[in-house]
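Please read the structure below before turning to the comments.
The values are calculated or read from the model by the stated rules, or taken from the named source; none is laboratory data. Keep in mind that this is a model prediction, so the values were computed, not measured. In this analysis, Cβ positions are derived from the backbone assuming ideal geometry, glycine residues included, and neighbour counts consider all displayed protein chains. Heavy atoms of the whole protein, side chains included, go into the accessibility calculation; ligands, DNA and RNA do not. Shrake-Rupley method; radii C 1.70, N 1.55, O 1.52, S 1.80 Å.
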Amino acid sequence: MRAVRIDDHGGPDILAEAEVATPEPGHGEVLVRTVAASVNPIDTYVREGAAEPADGLPHVVGSDVAGVVVAAGAGVDEFAPGDRAFATGLGLFEQGSYAEYVPVPADRLAHLPEAVPFRTGAAAAMVYPTAWRALVDRGGLTVGDACLIQGGAGGVGNAAVQIARHAGTEVVATARPDDAELVEDAGADAVVDYRADDMAGAVRAAGVDAVDVVLETHADRNLAGDLDLLSRGGRVVVIGEEAPIELSPSLSMDAKIADADLRFMSIVASAEDQKRLLERTAPRLADGTFDVRVADVYPFPEAAEAHRAVESTGTGGKVLLEP
């Protein structure tokens, strides 16, 4: 079969299409024929070597897949050939999804409703479970809360805005001014410029004095403002940072005064939650509650261009690969 893999770590150009053996599903696994695979930031980290795949190199990259079941291994009763399915969290502890056929543990795979296009399933597979787990499971978001979504125009951020709105909360999100309409369409009550020198002041100027939960995508840059905005007992859930997170004595004191919780999570490292969250996402994709945007679709041979698109800013939606 054809697959996109890396033989070393480096820039996008090291991604290369190769002929590899078609896998057989093992015990408890399902073999899925890939129709679409999403490209996520974690894929670029694996490519660069910032996140080392557990099985070493060469390595097939890719976190998400949507496609058709072609075979089920021993011990699998829930899936049968012909079923539509989608999965996330691949490509770090096992081979990834940029391949014509992908073996997926059945306990991490969910059925994809007929009403949901494969591209939509692939685009949604990581971002909605990540946002749901961050806001609800780790952040404890509940009806009547106020939340701040850092990076509301990104894949996870936009999903988080929709989930928070669906949960009956007040939603403030940060974004570039050019993306404000996109974030408002997702359900944000207010959108503030992510470049604001005084983020807490900008959020308060938008009409929100304090927030109960922050979903943080750039903790190294934003943590001080997050803590300044927290209500007493508030939670900051960190899913991303680009530099060391520094906690100065004054920042630590702010956190203590707020009785704040600083929490971390990754959906890739949360295998026990992936299926449950995909199953919660699927019906909401089918009925239109959740609306994921696909910006670009590339064929496997153009995987390098797909990675460049993800590493740039302002794609306006998810980037996909197809065989």
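Key figures
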{"read-out": "Unit charges on C-beta of K, R, D, E only; dipole of the chain, Debye", "value": "540"}
{"read-out": "Chymotrypsin sites (Phe, Trp or Tyr not before Pro) lying in DSSP loop within the range 92-183, provided at most 14 other Cβ fall within 10 Å", "value": "Phe93"}
{"read-out": "Histogram of C-alpha separations across the range 211-323, 5 Å bin width, %", "value": "2, 10, 13, 13, 16, 17, 13, 8, 5, 2, 0"}
{"read-out": "Sequence-separation-based contact order of the range 25-177, relative, with Cα cut under 8 Å and 6+ spacing, percent", "value": "23"}
{"read-out": "Dipole axis of the chain (+1 Lys, Arg; -1 Asp, Glu on Cβ), positive-most option in Ala200, Gly11, Val32", "value": "Val32"}
{"read-out": "Loop-located GluC sites (Glu not before Pro) in the range 208-277, at most 12 other Cβ atoms within 10 Å (DSSP)", "value": "Glu242, Glu246"}
{"read-out": "Overall Cα dimensions of the chain, principal axis frame, Å, largest first", "value": "56, 40, 34"}
{"read-out": "For the range 143-149, Karplus couplings with θ = phi - 60° (6.51, -1.76, 1.60), whole Hz, Gly/Pro x", "value": "3, x, 6, 10, 9, 10, 9"}
{"read-out": "Against the rule of thumb 2.2 N^0.38 Å, how large the Cα Rg of the range 81-125 comes out", "value": "1.13"}
{"read-out": "Electrostatic dipole magnitude of the range 174-304 [Cβ: Lys, Arg +1; Asp, Glu -1; Cα centre; debye, to 20]", "value": "460"}
{"read-out": "Estimated Rh, the range 139-264: Kirkwood, alpha-carbon pairs, angstrom", "value": "14.1"}
{"read-out": "The chain: antiparallel DSSP beta bridges as a percent of all, rounded to 5", "value": "55"}
{"read-out": "Rg(Cα)/(2.2 N^0.38 Å) for the range 1-158, N = residue count", "value": "1.09"}
{"read-out": "Point-charge dipole on Cβ atoms (K/R +1, D/E -1) for the range 231-323, about Cα centre, debye to 20", "value": "400"}
{"read-out": "Residue-normalised accessible area of the chain, expressed per residue, 1.4 Å probe, Å²", "value": "40"}
{"read-out": "Relative contact order computed over the range 139-264 (Cα-Cα under 8 Å; 6+ residues apart), in percent", "value": "22"}
{"read-out": "Portion, in percent, of the accessible area of the range 199-323 that falls on carbon or sulfur, probe 1.4 Å", "value": "47"}
{"read-out": "Sequence-separation-based contact order of the range 210-323, relative, with Cα cut under 8 Å and 6+ spacing, percent", "value": "19"}
